[in-house]
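Quick notes on the structure that follows.
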Amino acid sequence: MALPSHVVKNGHADISLDSGHARLNQLGYKQELKRDLSVLSNFAFSFSIISVLTGITTLYNTGLNYGGPVSIIYGWLIVCVFTMIVALSMAEICSSYPTSGGLYYWSAKLAGPGWAPFASWITGWFNIVGQWAVTTSVDYSLAQLVQVIILLSTGGKNGGGYEASKYVVIALHGGILVLHGIMNSLPISLLSFLGQLAAIWNFLGVFVLMILIPSVSTERASANFVFTNFNTDNGAGINSRPYIFLIGLLMSQYTLTGYDASAHMTEETKDADKNGPKGIISAVGISIIVGLGYILGISFAVTDIPYLLSEDNDAGGYAIAEIFYLAFKKRYGHGLGGIICLVIVAVAIFFCGMSSITSNSRMAYAFSRDGAMPLSSLWHKVNKQEVPVNAVWLSVFISFCMALTSLGSIVAFEAMVSIATIGLYIAYALPIFFRVTLARKRFVRGPFNLGGYGIIVGWIAVLWVVTISVLFSLPVSYPITIQTLNYTPVAVGILLIVIVLYWLVSARFWFKGPVTNIQN
């Protein structure tokens, strides 16, 4: 039977430790990172990574193309319900195991001694590769948005504006990553402040834009259009409405990812066995509300879907940029206000990328602490400020390398979005699956738990992840050619094969799962 979280292994209470610190010691780990984050700061990192301004803005074109307003609004509601179910299951497990390793540590403990090494291995690699893909897609989307802002600021596509080449965009991406690396090398107290600032910016930015854009627009969509219009004119050869609707869910599901950051920050969070779960649930819950507001506000400014998606408009086919630009241009004769609105979004995406690197580095730190990564001894070192700075720059480097695929094929790069979504959600689902199967009778609940509902909630979460993994692997265009192939199943399949082969050929002989660093 597990000890209460405030009791250490020798059976004596230690009032100098908060519950998260004591629980970490009980699980066999030293406190190496500075435990300085409040529940607000923990929430802020997940909320900033979810960043509805980032996900919705980046993939709004996908939503418009596959179903339009109906797919965007009702798809958001459906995805939100199931995402909260996944978050609740994760929060329950986080409460029992508040460590930076998060998901892969959970899998090891829940799968049992026999399966622990392989369970933690596959979960950890899906988690960290999914996180790197998130950082890659977020910072690359920011580089693309900066390019659009420059284009509109210099006259737009139809006014001789400057259109950056793919090499300029990748250079912007690299510069953004370097800035994020520098910011994540700061002490956790400063990073905590930036994380809270990011959360405030995302929250207020949504309210400013959802009110401002429809208010400024001289032409507004009717409520009937917003809530009932279904766009089947996707130019992709797909006519089935259910199929179109399901593909359109990607926008919502991609947006609602990354909230495992709260778990990865638990070794730096006070009373983490309570505040880690609070961070996960509150980040998802508040994102659901503000995201719906942003979607509705923007959708009431949509009147001509084909024009917004056309590469011949001033924003070069970037739908939300064109919506913002046109709203101000039609009312005031120029689009400066729309460009400023895009800058608000760009800052939110910048903060999202910053927080994503934070989460990446903590995962790399924990995974290497247990010897799972090449050169592990290098990545789990911390500096004098107790920051895993080597893991920070590793995440920067890998995210830049992943973005280089855009130079060869933008279609292949776009698979990063799906890898980020599916890869992360597979990592989310694995410990939940072990919790409702192998650990069904021996799981010891933490301060936050779902009581008797834990099993049914867990099964729904697992089935949802299976569903979206299939959906986002389906063809998105017909006929299927090399140019139109959905590379997601190829990319995820290759990742799975590499992980399993690495295990069979090498790792199974030396990787034993999470390794404690407190001597009994």
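A few notes on this one:
- Within the stretch 94-110, residues that are part of a helix (DSSP H, G or I) sit with their Cβ atoms under 7 Å from residues that are buried (at least 24 other Cβ atoms within 10 Å of the Cβ) and among the aromatic types (F, W, Y), at 6+ positions apart or across chains, in these pairs: L103/Y428; Y104/F367; Y105/Y97; W106/Y97; S107/F434; K109/Y97; L110/F434.
- Scanning the stretch 333-373 for residues that are under 15 Å from W125 (Cβ atoms) and among the aliphatic types (A, V, I, L, M) gives M363, A364, A366, A372, M373.
- Some residue of the stretch 348-359 being closer than 23 Å to G161 by Cα, in contact (Cβ under 8 Å) with a residue 40 or more places away in the chain, in a helix (DSSP H, G or I) and open to solvent by less than 10 Å² (accessible area, probe 1.4 Å): no
- Filter result for W464 (under 20 Å from the mean Cα position of the chain (by Cα), among the aromatic types (F, W, Y) and farther than 19 Å from V129 by Cα): yes
- Enumeration of residues in the stretch 271-292 that are modelled with pLDDT of 85 or more and open to solvent by 10 Å² or more (accessible area, probe 1.4 Å): K274, N275, K278, I281, S282, G285, I286, I288, I289, L292
- Condition met for G124 (open to solvent by less than 10 Å² (accessible area, probe 1.4 Å), within 15 Å of L424 (Cα to Cα) and assigned to a loop (DSSP other than H, G, I, E, B)): no
- Where helices (runs of 4 or more DSSP H) fall wholly inside the stretch 385-451, the ranges with 2 or more residues that are hydrophobic (A, V, I, L, M, F, W, C), modelled with pLDDT of 90 or more and in contact with a Ser or Thr (Cβ under 7 Å, 6 or more places away or on another chain) are 389-403, 410-436.
- The set of residues in the stretch 335-346 being within 17 Å of the chain's Cα centre (by Cα) and surrounded by fewer than 24 Cβ atoms within 10 Å (Cβ to Cβ) consists of A346 alone.
- Options A327, A301: the member that is open to solvent by less than 60 Å² (accessible area, probe 1.4 Å), among the hydrophobic types (A, V, I, L, M, F, W, C) and in contact with a Lys or Arg (Cβ under 8 Å, 6 or more places away or on another chain): A301
- With respect to the conditions (1) open to solvent by 10 Å² or more (accessible area, probe 1.4 Å); (2) more than 26 Å from T421 (Cα to Cα), E322 falls short on a single one, namely (1).
- Selection count where residues are closer than 22 Å to L326 by Cα, assigned to a loop (DSSP other than H, G, I, E, B) and of a type outside the set (S, T, N, Q), scope the stretch 214-232: 3
- I211 being assigned to a helix (DSSP H, G or I), open to solvent by 50 Å² or more (accessible area, probe 1.4 Å) and touching a Gly at 6+ places or on another chain (Cβ under 8 Å): yes
- Within the set T54, T99, T58, the sole residue that is in contact with a Leu (Cβ under 7 Å, 6 or more places away or on another chain) and either at pLDDT 90 or above or crowded, with 24+ Cβ neighbours inside 10 Å (or both) turns out to be T99.
- Residues that are open to solvent by 70 Å² or more (accessible area, probe 1.4 Å) and under 14 Å from Y140 (Cβ atoms), drawn from the stretch 152-177: K166, Y167
- Residue match in the stretch 242-255 (condition: open to solvent by less than 20 Å² (accessible area, probe 1.4 Å), under 30 Å from S473 (Cβ atoms) and not in a helix (DSSP H, G or I)): yes
The values are calculated or read from the model by the stated rules, or taken from the named source; none is laboratory data. Nothing here was measured: the structure is a model prediction, and the numbers come from that model. Don't worry about glycine lacking a Cβ; one is built from the backbone with ideal geometry, like all the others, and counts go over all protein chains shown. The accessibility values were calculated without ligands, DNA or RNA, using every heavy atom of the protein model including side chains. Shrake-Rupley method; radii C 1.70, N 1.55, O 1.52, S 1.80 Å.
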